[in-house]
Amino acid sequence: MANQSAKRIAQENASRLALLKKLLMGVNGLYLFVRLFLQYSSLRWTEFLLYLATLALELVLFSSLQSSARPRYDASGVLVDGGTDLSQPGLVSYMFDYIYVT
């Protein structure tokens, strides 16, 4: 009964991270397609370096969210901890905000 909350948190985290991963891949893929194929003549190397810097920060924050939301199991495969709840306010919401904005 007490494990139900941990299972629910683990499932919600997995679905939120899957959606975030799809959004990251889609938006960055669209940006690269437009900038490299449709507007290549206006692309400057400084813009591309700044894009790579923001992409690196996005990936660091995403991996941090993934590692904190990862559920933990004991040796027999029983769920011990559902991971950090990604819907909680605070630092986690700031990470999501940065990823959404960039």
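Comparing S64, S41, S87 in a Gaussian network model of the chain, where Cα atoms under 10 Å apart are tied by springs, the biggest mean-square fluctuation is seen for S41.
Subtract the Cα-Cα distance of A53 and V34 from 0.36 nm times their separation in residues, and report this length gain in nm to one decimal.
Working: separation 19, 0.36 × 19 = 6.84 nm, distance 1.85 nm.
Going from the current span to full extension adds 5.0 nm.
Across the range 86-102, rounded Karplus estimates of 3J(HN,Hα) from the backbone phi angles (6.51 cos²θ - 1.76 cosθ + 1.60, θ = phi - 60°) give 7, 9, 7, x, x, 4, 4, 5, 5, 4, 4, 4, 5, 5, 5, 6, 7 Hz, Gly and Pro being marked x. When the alpha carbon coordinates of the chain are projected onto the principal axes, the ranges are 60, 24, 21 Å, largest first. In a fully extended conformation the segment linking S93 and S76 would gain 2.8 nm over its present Cα-Cα distance, using 0.36 nm per residue. With protein chains left intact and a 1.4 Å probe, residues in the chain average 70 Å² of accessible area per residue. Computed in the context of the full set of protein chains, the accessible area of the chain at 1.4 Å probe radius has 66% of its extent on carbon or sulfur.
The values are calculated or read from the model by the stated rules, or taken from the named source; none is laboratory data. Predicted model, so just to flag it, every value in this text is computed and none were measured. For the accessible areas, the whole protein counts, side chains as well, though only heavy atoms, and no ligand, DNA or RNA atoms are used. Shrake-Rupley method; radii C 1.70, N 1.55, O 1.52, S 1.80 Å.
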